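> First the structure, then my questions, so here it is.
The values are calculated or read from the model by the stated rules, or taken from the named source; none is laboratory data. This is a predicted model, so every value here is computed, not measured. Glycine also receives a Cβ, built like all others from the backbone with ideal geometry; neighbour counts cover every protein chain displayed. Remember, those area values only see protein heavy atoms, side chains included, never the ligands or the DNA or RNA. Shrake-Rupley method; radii C 1.70, N 1.55, O 1.52, S 1.80 Å.
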Amino acid sequence: SFIGEESVAAGGGSILTDNPTWIIDPVDGTTNFVHRFPFVAVSIGFVVNKKIEFGIVYSCVEGKMYTARKGKGAFCNGQKLQVSGQKDITKSLLVTELGSNRDPEAIKIVLSNMESLLSIPIHG
């Protein structure tokens, strides 16, 4: 099976089944692309039995290829990635994204989550 983000965003339906399925977003970061903000990628995932098996993200402008495979780790241009090991959230940087859903209920949820995050004494 095949699920394309752009066709789903345009109103095309998609149903994730147990069948092996490719999930592809050819312009991941469409809003960034439209505004000429250089964080745009091609994102590809492969799912079997509704569980991700591997993923590939190619950051076009940076020339970085991120890959990950279930049980095998994640890599950037072939170099293994790992988490920082930081256990103290007050020494961390949190990143969030508002999303594109402008439904009033969705906005309330997003803002409530942001408020919770902003109450933590983090670096930024």
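> Applying the selection to the stretch 87-100, what residues are open to solvent by less than 90 Å² (accessible area, probe 1.4 Å), assigned to a loop (DSSP other than H, G, I, E, B) and not small (Gly, Ala, Ser)?
ASP88, LEU94, THR96 - these are the residues of the stretch 87-100 that are open to solvent by less than 90 Å² (accessible area, probe 1.4 Å), assigned to a loop (DSSP other than H, G, I, E, B) and not small (Gly, Ala, Ser).
> Then there's this: Give the residues of the stretch 48-95 that are within 28 Å of MET114 (Cα to Cα) and of a type in the set (D, E, K, R), sorted by residue number.
Hits for the stretch 48-95 are LYS87, ASP88, LYS91.
> Is the stretch 32-53 home to any residue that is touching a Leu at 6+ places or on another chain (Cβ under 8 Å) and part of a strand (DSSP E or B)?
Yes.
> Right, next: When the residues of the stretch 114-124 are filtered to those that are assigned to a helix (DSSP H, G or I) and either open to solvent by 90 Å² or more (accessible area, probe 1.4 Å) or of a type in the set (Lys, Arg) (or both), which remaining residue is modelled with the lowest pLDDT?
Restricting to residues being assigned to a helix (DSSP H, G or I) and either open to solvent by 90 Å² or more (accessible area, probe 1.4 Å) or of a type in the set (Lys, Arg) (or both), the top hit is LEU118.
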